[in-house]
Structures are given as structure tokens and as C-alpha cells.
Amino acid sequence: MEVVSAIIDIAKEISNNHQGINFIFISAFPKYAFNSLEVYPIDFITKSLNLFRLEKSTQNLVKEKIVEGLIM
């Protein structure tokens, strides 16, 4: 089993046991992007790392958490 696949499996287990956990995957293997959708990641960024995209993804995560905090 490849490392990326194992990490996605770990993310699934974490997601099943702990609600409210968010993931941003960064990988050199775009073929795993589809598999990662099972844990509803904020983003799947392929290498070479695009810092602008990472920044936007983290901003979206913060906005989502702020909205969740206001709703809860």
C-alpha cells in the first residue's frame, strides 16, 4: 500500500471517530484526489506546492470554522 493511500485511510478513521476534523491533502500523486473525497477535504493540492492555493484553502477553513462557531 502506498503512503498516500495509507494516509487517506487514516484520515477516514479519524473522520469517522471525530466530527469537525478538516483535512487539506498535499501530494505529488493527483490520482488519489478522488479517493480523498470520502473524508470531504477542504482541498487536495498537488505538488509542486502552490502557496497561493494553500493560503486560500486555509482561509476557507478558517471562515468555515468561524461560521460553525456562530451557528453552534
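The values are calculated or read from the model by the stated rules, or taken from the named source; none is laboratory data. Please read all numbers here as calculations on a predicted model, not as lab measurements. Reconstructed Cβ throughout: ideal geometry from the backbone, glycine too, with neighbour counts over all protein chains shown. For accessibility, only protein heavy atoms count, side chains too; no ligands or nucleic acids. Shrake-Rupley method; radii C 1.70, N 1.55, O 1.52, S 1.80 Å.
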Six or more apart or on different chains, Cβ under 7 Å: which pairs go from a residue in the range 15-36 that's closer than 19 Å to N60 by Cβ and touching a residue at least 24 places away in the same chain (Cβ under 8 Å) to one that's open to solvent by 80 Å² or more (accessible area, probe 1.4 Å) and not in a helix (DSSP H, G or I)? Could you list them? I26/K47
Every pair of residues 6+ apart whose Cβ atoms lie under 6 Å, when the first sits in the range 1-13 and is at pLDDT 90 or above while the second is open to solvent by less than 100 Å² (accessible area, probe 1.4 Å): A11/F23; A11/V39; K12/V39
I'm checking my understanding of the structure. Among residues of the range 38-49 that are open to solvent by 100 Å² or more (accessible area, probe 1.4 Å) and either aromatic (F, W, Y) or within 13 Å of the chain's Cα centre (by Cα) (or both), which one is farthest from K65 (Cα to Cα)? E38
Has the range 18-33 got at least one residue that is within 15 Å of S5 (Cβ to Cβ), in a loop (DSSP other than H, G, I, E, B) and under 11 Å from the mean Cα position of the chain (by Cα)? yes
